[in-house]
Amino acid sequence: MQLVFNLLLFVTFTFGGLSTFANDHGGHISMDKVEKTETKRHKLESNSEKTLISILKIDEALHESFFKYDAALVEKHAKALATRVDSVKDKKIKKLFKRTSKQLLKIKASGEKDKNYHLYGLVNKTLVEILKKYDLGSDYNIYYCPMLKKSWVQNSKKKNKVHNPYAGDYMPHCGMKTTNF
C-alpha cells in the first residue's frame, strides 16, 4: 500500500498532477498537461482561413463518426471532407493537402476498420500540421494518444474532454490535449 502511495506522489509531482484515474480510460492515466506552442502560427487571408475552418468543421463530423465508429457515416463524412479539400484554392494550402483527398476516398464503410483508422491517421497528420502552422483561432486543438501514438484535431470548445477517434470502446477518452491555442 505504501508503495502505491509513493508511486502516486511521484507521478503527481513529476507530471504536475493527474486529472483523473477514470474507469473509461481502461485503466490508463489521463494527464491534462498542455505543451506550450513554441512556434508562432501564421495569419492567413480571410478566405483561406474560412476555407480551413470549414474543413475542420467537416472533420468534426468525421471525427465523431470514427469515435462512435459508424461505418456508413465514416464513409459519408470522409467523402464530404475530400470534396471540401479538393475545392481549396490557395496554392500553398492545396500543396499541404496533396494526398489527403485520395486517402479520404479510400475510407469505405465496407473496408476493414483498421485500414480506415490508418487512413484517418494519415489525414490527421496533415490537419495537425496545418493547425500548427496557421492561426485558425482557439476552437481547435491537437490531442495525442500515447498508447496508440496517434494525434488528431478536436474542437475543444465543443468537447474539451478527450474523444479519441482511434481507441474504440475500450479506451475512448485515453489521451491528452497537447496544445492550447
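The values are calculated or read from the model by the stated rules, or taken from the named source; none is laboratory data. A quick note: this is a predicted structure, and the numbers were derived from the prediction, not measured. Glycine gets a Cβ as well: all are built from the backbone with ideal geometry, and neighbour counts include every protein chain shown.
Condition check: touching a residue at least 24 places away in the same chain (Cβ under 8 Å) and within 17 Å of the chain's Cα centre (by Cα). Does Q103 satisfy that? Taking the combined requirement at face value, the residue does not satisfy it.
Close contacts from segment 159-180, counting a first residue that is more than 15 Å from N141 (Cα to Cα) and a second that is of a type in the set (F, W, Y), with Cβ to Cβ under 8 Å and a gap of 6+ residues or different chains, come to Y166/F66; Y166/Y117; Y166/Y120; Y166/W152; G168/Y69; P172/F67.
Scanning for something closer than 30 Å to K43 by Cβ, part of a loop (DSSP other than H, G, I, E, B) and at pLDDT below 95, does segment 99-121 turn up at least one residue? Taking every residue of segment 99-121 in turn, none turns out to be closer than 30 Å to K43 by Cβ, part of a loop (DSSP other than H, G, I, E, B) and at pLDDT below 95. In segment 47-92, what residues are β-branched (V, I, T), in a helix (DSSP H, G or I) and over 19 Å from the mean Cα position of the chain (by Cα)? T83 - this is the single residue of segment 47-92 that is β-branched (V, I, T), in a helix (DSSP H, G or I) and over 19 Å from the mean Cα position of the chain (by Cα).
Does segment 96-114 contain at least one residue that is in contact with a Pro (Cβ under 9 Å, 6 or more places away or on another chain) and either buried (at least 18 other Cβ atoms within 10 Å of the Cβ) or under 17 Å from I55 (Cβ atoms) (or both)?
The answer is no; no qualifying residue exists.
Checking every residue in segment 163-172 against the condition of being among the polar types (S, T, N, Q) and closer than 21 Å to K40 by Cβ gives zero matches. Answer yes or no: is there a residue in segment 54-71 that is surrounded by fewer than 20 Cβ atoms within 10 Å (Cβ to Cβ), basic (K, R) and within 24 Å of P172 (Cα to Cα). Taking every residue of segment 54-71 in turn, at least one turns out to be surrounded by fewer than 20 Cβ atoms within 10 Å (Cβ to Cβ), basic (K, R) and within 24 Å of P172 (Cα to Cα). Summed over segment 141-172, the residues that are in a loop (DSSP other than H, G, I, E, B), buried (at least 19 other Cβ atoms within 10 Å of the Cβ) and either touching a His at 6+ places or on another chain (Cβ under 6 Å) or not hydrophobic (A, V, I, L, M, F, W, C) (or both) give a count of 8.
Reported count of residues in segment 115-161, each being small (G, A, S), closer than 24 Å to K95 by Cα and within 13 Å of the chain's Cα centre (by Cα), is 2.
Suppose the filter is in a loop (DSSP other than H, G, I, E, B), touching a Leu at 6+ places or on another chain (Cβ under 8 Å), at pLDDT 95 or above and not charged (D, E, K, R); does T179 pass it?
Criteria met by T179.
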